[in-house]
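Remarks on the structure that follows.
A short reminder: the numbers here are calculations on the coordinates, not readings from a lab. The model shown is predicted, which means the values in this text are computed figures rather than measured ones. With ideal geometry, Cβ positions are generated from the backbone for all residues, glycine too; neighbour counts draw on all protein chains shown.
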Amino acid sequence: MQDHDTNAIDIDALVRKYIQNTCTPEELEAFIQLCNNPFLEDRLKMAMEKVWNDTPNQAHLRAEHSQFIRTQIEASLYYKKSEWYQLHHYWKVAAAVALLLISSFLAYQYQDSLRELVDPVKMVTVHNPAGKRSKILLPDGTTVWLNAESTLTYPHWFKRARRAVELSGEAFFEVKRKEDQPFNIQAGTIETTVLGTSFNIRSYQNEKFVITVATGKVKVEDAEKHGLLLLANQQTSYRSASGFSKIETINAGEALAWTKGTLLFNNKTFKEVATMLERWYNVKIILANDKLNNCVLMGEHTNQSLNSVLYTLQFILDIRYTYKDGVVNIKGEGCAAVNP
């Protein structure tokens, strides 16, 4: 076996060619001699580090994948055999290691495409009609509470780049934290982006968009990429005509009360309350007097029947109501005596 002058060898280039499986037989022999030279171990390790840091897309690899590939590279650099092994055997070992590295890297880079070949993404749609609320566990471990008259659409597995869902209506999200995989919610024209946090989105058709953050931080953007960053106990709303409102500091628990079976009327007009009752109890409410629409209500009703809530409102607003076949008719003079 010919001795090579190590001072004349570009070790960085030789290591790179070995990893890429492009060594000539002469270069492979030189590489093997370097590996068997105890005085060059540190130099070889430095070369390995340089090759690793120069690897394209290395910054995007998950920790477990990068550590695996890195370990394989280091193992290949210090793989030693006794002198009686022939050159062709080293060539087979080098080719096998290079193939393993390339296969591992490509399998990670293209794992979404590979999985889709055997398990095509299917969209799952959960719809709650009026009167129904549900709890949903997403494939990534995120938990969603879906309110009445609401629809959530999501894939049955999430791709590596991001986790994306669509919402119409209202939902509270407890997002499983994944630093390298943002979670996106599209609700109408508004996109919400988080890594791991909890927040409530209210996005019913023909109503303003409202988002309330319970924990962590959340970014919201409209179609023109105008957006805000919200922190815990902050809330903003959006209308297409005026854009995002000023961020308010609130008690997030009030916006989440519905997830615990509580109807909370906090400075709500009777018109707004009627809409809430229709969704909550799956009924139709008819206000006979338009003056009732502007009455402002305060109240909290936890796990109560519709009759119980209406009975309370009857005394507060001096109203009369009838309930038959899913329709509630409400009559009254208005609310001049209560918050005129």
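Here are a few things to note about the model shown:
- Residue within the stretch 132-139 that is without any contact (Cβ under 8 Å) to a residue 60 or more places away in the chain and either acidic (Asp, Glu) or buried (at least 19 other Cβ atoms within 10 Å of the Cβ) (or both) present: yes
- Residues of the stretch 149-173 classified as crowded, with 17+ Cβ neighbours inside 10 Å, free of Cβ contacts under 8 Å to residues at least 60 places away in the same chain and under 30 Å from Tyr281 (Cβ atoms), total: 9
- Residue match in the stretch 265-283 (condition: acidic (Asp, Glu), exposed (fewer than 13 other Cβ atoms within 10 Å of the Cβ), out of contact with any helix residue (DSSP H, G or I) (no Cβ under 7 Å at 6 or more places or on another chain) and closer than 30 Å to Glu224 by Cα): no
- Taken together, Leu277, Leu297 contain a single residue that is in a helix (DSSP H, G or I) and not β-branched (Val, Ile, Thr), which is Leu277.
- Of the residues in the stretch 254-264, at least one is closer than 19 Å to Leu146 by Cα, small (Gly, Ala, Ser) and in a helix (DSSP H, G or I).
- Among the residues of the stretch 305-321, the ones that are surrounded by fewer than 17 Cβ atoms within 10 Å (Cβ to Cβ) and outside any helix (DSSP H, G or I) come to 3 in all.
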